[in-house]
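First the structure, in the form of structure tokens, and then the observations on it.
The values are calculated or read from the model by the stated rules, or taken from the named source; none is laboratory data. Not measured: the values here are computed from a predicted model. Note: ideal-geometry Cβ built from the backbone for every residue, glycine included; neighbour counts use all protein chains shown.
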Amino acid sequence: MPAYLIFLALFPLLSCSAPGPLATDRTPGELFGAAEENLIVVDAILIVDAPLPPIFLRRTTNPGASHATAETALRGARVAIHSDDAVFDYRPDADAAGRYLPPDGAPAIEPDRVYELHIDTGADSVRATTRTPQRLRIAEVLRFAQDPEQKEYRKMGNLRLFAEIGDQVYQARENQLEYPWGVLEIRLEDGGGASYQYTASNLEHFSPLLFGNEFFAQEDLERGVISPLLSADDGAIYLSQLGIYYAGRQKVKLYAIDQNWFDLERTDNVDAESSSGEAGQSFQRPLFHIENGIGLFASAAVDSLGFFVRPAGSPECSGCQCWGCEERPTDWSVVLDPHTGSGRVRYQRRSCELSYAITGATAIEPCELCSSGWEFTLGELSLSHSEDGTCGAAAEASGLQLRLGPATELISQWGGAPKYGLYTYETDQMSWSRVKNGWSISPREGEYAGMWLFGFDEEE
């Protein structure tokens, strides 16, 4: 088995990233004019009751000039967040230029409080302020289905909430929805943002489309969607089946957003043909609310709901039994704890599931384009499932020694867990090589905080 056949599937925790406006695919020329070259760009969203987030800083360049992402990173800045009499001094991330990390032990973000961002470079001084929304709490979720005879929607019951039963929401009978399922009415008990947005994320990696795909290729439809700006009429938000494309577990995160986020979102569409009709769409320059800079320093409160959607006509079921477990793709996954040198490699194929333990992983000299390097050996094989009694070469990798490292090249910068490329050391070539479609993630929060997640999508 080639040394690079190590992959990590995108863990569900990463679906919790905030849907910030800066994630929109836009060119520099749409954001600022030539006169605004070399401005500091801020990217940071504070979430109520969550830790202080990393702050990403870079500089604008001439829209017509070629550049690499690393070249625009702002280095050597003094960064701090002020709240009342407290000052939280940030430090540069040694592994990611332009990324600044909060101090250890900082208290969680409070609701209805003013936070000020201070950035000083010696030559430039950038300031921004946000007032966090009140805590957001989903009181109940009502399910409505359309009556085919009367052409009206009728109530079908309430969904169970995370606050009641935790992750059992995906197995609860009340939360099993057959496509097409109609409309969910999300009633809010608390929350008072300037506006609202939600993300709807499919937590599966291999579930099929819920509808006939004569006109759509699966690769054209994302497993996560972001809503436009919403208002909470009479304390309710409405979620339709539109945008829920794939079967399986769905996690919806509802954000009550502050004025900064709202103003940027409502003014960031300079293409009149795709205008949402929001007030402010005629602005040629978005509203940034950043003194001496551009970007986003904003805050939000969030609450979530979860449910399971099965294809039309399928019996009551859960998991891949609803669409055929044989449809699972080939999948290698790795989780490594850099502090203990331990972890696990997992392999999942249509007819095979197995894993290898990792112990004694050690840091090594990284490649020139890597932020770090690790060497480890695959331990004892654990076989959990094999339909034909064998998993082929995947079951013969015990004792395989691997050298891998996360690339310094940033693939995407989504939420608080930026994704980087992946390199492997090819012993026969005696050199490092880039793993095609490989990536690395080091989450700073959630179940895998502090772990190194990395991998490769195996092609069949």
Inset, instruction - Could you identify the single residue in Leu383, Leu369, Leu354 that is in the same structural domain as Thr424 (by TED's automatic domain parsing), over 15 Å from Val334 (Cα atoms) and modelled with pLDDT under 90? - result: Leu383
Inset, instruction - Just need a number here: residues in the stretch 394-421 that are in contact with a Lys or Arg (Cβ under 8 Å, 6 or more places away or on another chain) and modelled with pLDDT of 85 or more. - result: 2
Legend entry - Hits in the stretch 86-128 - residues which are of a type in the set (Gly, Ala, Ser), within 20 Å of Ala300 (Cα to Cα) and in contact with an Asp or Glu (Cβ under 9 Å, 6 or more places away or on another chain): Ala108, Ala128
Legend entry - Test for Ala70: is it exposed (fewer than 15 other Cβ atoms within 10 Å of the Cβ) and at pLDDT 85 or above: no
Inset, instruction - From Arg113, Arg131, Arg173, grab the single residue that is in the same structural domain as Cys317 (by TED's automatic domain parsing) and either farther than 25 Å from Gln241 by Cβ or of a type outside the set (Asp, Glu) (or both). - result: Arg173
Legend entry - Selection from the stretch 168-211 of residues that are of a type in the set (Gly, Ala, Ser) and farther than 18 Å from Ala145 by Cα: Ala172, Gly191, Gly192, Gly193, Ala194, Ser195, Ala200, Ser201, Ser207
Legend entry - Selection status of Val126, among the hydrophobic types (A, V, I, L, M, F, W, C), under 23 Å from Gln241 (Cα atoms) and either without any contact (Cβ under 8 Å) to a residue 60 or more places away in the chain or not in a loop (DSSP other than H, G, I, E, B) (or both): no
Inset, instruction - Taking Arg78 as the residue in question, decide whether it is more than 25 Å from the chain's Cα centre (by Cα), among the charged types (D, E, K, R) and surrounded by fewer than 16 Cβ atoms within 10 Å (Cβ to Cβ). - result: yes
Legend entry - Close pairs (7 angstrom Cβ cut-off, 6 or more residues apart or separate chains): farther than 16 Å from Arg160 by Cβ in the stretch 171-192, surrounded by 15 or more Cβ atoms within 10 Å (Cβ to Cβ) and among the aromatic types (Phe, Trp, Tyr) anywhere: Gly182/Phe144; Val183/Phe144
Inset, instruction - Check Ser276, Ser282 and return the single one that is among the polar types (S, T, N, Q), within 23 Å of Leu136 (Cβ to Cβ) and either in a strand (DSSP E or B) or modelled with pLDDT under 80 (or both). - result: Ser276
Inset, instruction - Collect the residues in the stretch 80-102 that are among the hydroxyl-bearing types (Ser, Thr, Tyr) and part of a strand (DSSP E or B), keeping them in residue-number order. - result: Ser83, Tyr100
Inset, instruction - Please state which of the following conditions Glu152 fails to meet, knowing it meets all the rest: (1) within 22 Å of Leu242 (Cα to Cα); (2) loosely packed, with under 14 Cβ neighbours inside 10 Å; (3) in contact (Cβ under 8 Å) with a residue 12 or more places away in the chain. - result: (3)
Legend entry - Every residue from the stretch 81-111 that is of a type in the set (D, E, K, R) and either exposed (fewer than 13 other Cβ atoms within 10 Å of the Cβ) or within 28 Å of Glu409 (Cα to Cα) (or both): Asp84, Asp85, Asp89, Arg91, Asp93, Asp95, Arg99, Asp104
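Listed here are the residues, each with its yes/no results for (1) modelled with pLDDT under 90; (2) farther than 30 Å from Ala44 by Cβ.
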site	(1), (2)
Arg350	yes, yes
Gly360	yes, yes
Thr377	no, yes
Thr390	yes, yes
Tyr425	no, yes
Pro443	yes, no
Inset, instruction - Could you identify the single residue in Leu159, Leu136, Leu117, Leu177 that is modelled with pLDDT of 90 or more, farther than 18 Å from Ser304 by Cα and crowded, with 18+ Cβ neighbours inside 10 Å? - result: Leu117
Inset, instruction - Please go through the stretch 285-304 and pick out each residue that is assigned to a strand (DSSP E or B) and farther than 24 Å from Glu110 by Cβ. - result: Gly293, Ile294
